[in-house]
Structures are given as structure tokens and as C-alpha cells.
Amino acid sequence: MADDKDVLRDVWFGRIPACFTLSPEETTEREAEPYYLLLPRVSYLTLVTDKVKKHFLKVMKAEDVEEMWFEYEGTPLKWHYPIGVLFDLHASNTALPWSVSVHFKNFPEHDLLHCTSNSVIEAHFMSSIKEADALKHKSQVINDMQKKDHKQLWMGLQNDKFDQFWAMNRKLMEYPTEEGGFRYIPFRIYQTTSDRPFIQKLFRPVSAEGHTLTLGDLLKEMFPSSICVEDEPKRFQVMVHGIEPLLETPLQWLSEHLSHPDNFLHISVIPAPSD
């Protein structure tokens, strides 16, 4: 894999300032102060909000507390999407800090998965990595790893240890030079304007003729309306980790450097802000 270590570090250490406030629907014994936190883009809400929970439990009675969940402007936030994806999808053109409401009852069963412990997050995370490696290497790399190697990937994410995570993850980013890239690129394209949670199909990084395929090539095939036609006003922003990569960026490079720790390239297509 190309050693653009600075890019990997910038992606890993990306943070979103957030302000958590208790929903007015909750019953409290006294007024709850908001709680401010820098959220890691590459992590999961339920993994990094223990302090938020402790903060709000101080003003609540035990009988009023069920499973904690989060919401932004009426939309329940899916904890199994990386934090950066949730922000890009729902709040990328709003003022910071990101204002998130905290709930302890009326869990929205139809919108969210339950997350009762970190082991649920770990199971989701590892199943994503295995799915990504099935696409990239027919599962050969992840199956060659030992259980302790899988654990190292998870502990690296859980404890925010860049070097610990990448010492193992770089194996998942390698490929035979003669192949020019992975078998298929693990990606998901999200949009708020669709009932489909995301688009995910098979897509190779190199064409049958041996040409390097780009982000633009992927979008042309999967979501053609997201590409701006000359002389037309821009309708959509295509976001990865809060930035808009050039459409001519090779997909293989993006997959190696801008994938989340779950090894998927998460692409958010959002309506362009109207100035």
C-alpha cells in the first residue's frame, strides 16, 4: 500500500465538536447542563459517549432511565454508522458544535438497532471488516489472522490507538502488485433523500482494459445524478470524511487511505447548500 501516513493520521484523528443536550421529553430532578465532547469521526456514538451518559444520569431517577439513544433535528442517529458519516449525512452544512439530543426512553424500535454493550459494537465492527475482506481478498487475509489479531483491530479502535490499529490493518490494505488493486472496492453510498439505507454493489478498481477507475466512474455507474453537468448549478455534494474529494481521484487510493476502520469507503451524497 502507498505509504501516505499523514493522510491516514489526519483521517484517524478527525474530530467533530458536539454539544449533547437532554431531550425536553425526559423527566429530571433538576435542570441538566449540556455536555460538550470532541467526537472521533471514525468511531461509533455508543462507543464514545459513556461520559455523556454519566453526566445526564446525575439528574435523573433510576426508574426513568432505559436505553440511551441520540437524535438530531428529529432524526434518530444510527449508532452502527460511523460518527463522521452521521455528521456528513445530516449536519455537514450546519454551525458547530453539532447539537445532539439525548434520550433515555421511547426507544425508536423501527429506526435503530439496540446496543446494550460494547460487545454489540465489536460484533458489528468485525463483521464489517470480514465483509470488506471478502470483497478485497476473498477473505484470505482476515482468515489468516489469529483471534488476537482481530482483537488488536478492535482494541485499536476502542482505545483510539492509531499505531496499534494500523500495525494490523495495513495487512488488510495490501494486494499483489500485478493486480493493480483489490478484487472489489468495499464502499457504501448514503443519501438522505432515499428510503434505501445505502447503495452497495460490486465494483472493481481497475477496468477490464486495465484502466484505473476513479470516484467519478463509481458515481456515474451507481448514482449518476450526483455528478454535476457543465453549466448546471451544483445539485449535490459528495462527502468522504467531511471533504469533497476530486472526482478524478483513483478509487483504489481512496479505499486504502479514506476508508473507515471497518475497511469500507463511506460516501455521503447530500443536497448542495443553496447560498
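None of V120, V141 is closer than 30 Å to D64 by Cα and either of a type in the set (A, V, I, L, M) or surrounded by 20 or more Cβ atoms within 10 Å (Cβ to Cβ) (or both) except V120. The number of residues in the stretch 2-25 being in contact with a strand residue (DSSP E or B) (Cβ under 9 Å, 6 or more places away or on another chain), farther than 19 Å from D88 by Cα, in a loop (DSSP other than H, G, I, E, B) and in contact (Cβ under 8 Å) with a residue 24 or more places away in the chain comes to 2. Looking only at the stretch 156-175, filter to residues that are surrounded by fewer than 15 Cβ atoms within 10 Å (Cβ to Cβ) and not acidic (D, E); which one of those is nearest to V11 (Cα to Cα)? Looking at residues that are surrounded by fewer than 15 Cβ atoms within 10 Å (Cβ to Cβ) and not acidic (D, E), I get K161. E178 falls short on exactly one of the conditions (1) charged (D, E, K, R); (2) surrounded by fewer than 18 Cβ atoms within 10 Å (Cβ to Cβ); (3) under 23 Å from the mean Cα position of the chain (by Cα), and that condition is (3). When S139 is tested against (1) touching a residue at least 24 places away in the same chain (Cβ under 8 Å); (2) touching an Asp or Glu at 6+ places or on another chain (Cβ under 6 Å), exactly one condition is not met: (1).
Could you go through the stretch 189-203 and let me know if any residue there is open to solvent by 20 Å² or more (accessible area, probe 1.4 Å), in a helix (DSSP H, G or I), among the aliphatic types (A, V, I, L, M) and at pLDDT 90 or above. Lay out the reasoning, then the answer.
Our first condition is that a residue be open to solvent by 20 Å² or more (accessible area, probe 1.4 Å); within the stretch 189-203, this holds for 191-198, 200-202.
Subsequent filtering for residues that are in a helix (DSSP H, G or I) retains none.
No, every residue in the stretch 189-203 fails to be open to solvent by 20 Å² or more (accessible area, probe 1.4 Å), in a helix (DSSP H, G or I), among the aliphatic types (A, V, I, L, M) and at pLDDT 90 or above.
How about the stretch 79-119: which of its residues are in contact (Cβ under 8 Å) with a residue 60 or more places away in the chain and part of a helix (DSSP H, G or I)?
If the condition is that a residue be in contact (Cβ under 8 Å) with a residue 60 or more places away in the chain and part of a helix (DSSP H, G or I), then I83, G84, V85, F87, D88, L89, H90, N118 are the ones that fit.
Hey, among T75, T46, which residue is over 16 Å from the mean Cα position of the chain (by Cα) and surrounded by 13 or more Cβ atoms within 10 Å (Cβ to Cβ)? Give the steps one after another, and end with the answer.
Values: T46 fails: over 16 Å from the mean Cα position of the chain (by Cα).
Within the list T75, T46, the selection yields T75.
What do you reckon, is Y72 touching a His at 6+ places or on another chain (Cβ under 6 Å) and under 18 Å from K105 (Cα atoms)? Break it down into steps so the answer makes sense when it comes.
Details: touching a His at 6+ places or on another chain (Cβ under 6 Å): yes; under 18 Å from K105 (Cα atoms): yes.
It is true that Y72 is touching a His at 6+ places or on another chain (Cβ under 6 Å) and under 18 Å from K105 (Cα atoms).
Among residues of the stretch 253-264 that are more than 15 Å from I189 (Cβ to Cβ) and open to solvent by less than 10 Å² (accessible area, probe 1.4 Å), those with a Cβ under 8 angstrom from a residue that is among the acidic types (D, E) and modelled with pLDDT of 95 or more, sequence gap 6+ or separate chain, pair up as N263/D133. Considering the conditions (1) closer than 18 Å to P82 by Cα; (2) open to solvent by 60 Å² or more (accessible area, probe 1.4 Å); (3) touching a residue at least 12 places away in the same chain (Cβ under 8 Å), S127 is excluded by exactly one of them, (3). Applying the criterion of being within 21 Å of V11 (Cβ to Cβ) and assigned to a loop (DSSP other than H, G, I, E, B) to the residues of the stretch 204-242, the residue that is least open to solvent (accessible area, probe 1.4 Å) is P205. Residue selection: E33 satisfies the criterion of being farther than 26 Å from I129 by Cβ and open to solvent by 20 Å² or more (accessible area, probe 1.4 Å).
The residue of the stretch 125-146 that is farthest from the chain's Cα centre (by Cα), among those that are of a type in the set (D, E, K, R) and modelled with pLDDT of 95 or more, is K136. The number of residues in the stretch 243-274 that are in contact with a Phe, Trp or Tyr (Cβ under 7 Å, 6 or more places away or on another chain), closer than 30 Å to K151 by Cβ and part of a loop (DSSP other than H, G, I, E, B) comes to 3.
The values are calculated or read from the model by the stated rules, or taken from the named source; none is laboratory data. Since we're looking at a predicted model, the values are computed, not measured. Positions of Cβ are backbone-derived with ideal geometry, glycine not excepted, and every protein chain shown enters the neighbour counts. For accessibility, only protein heavy atoms count, side chains too; no ligands or nucleic acids. Shrake-Rupley method; radii C 1.70, N 1.55, O 1.52, S 1.80 Å.
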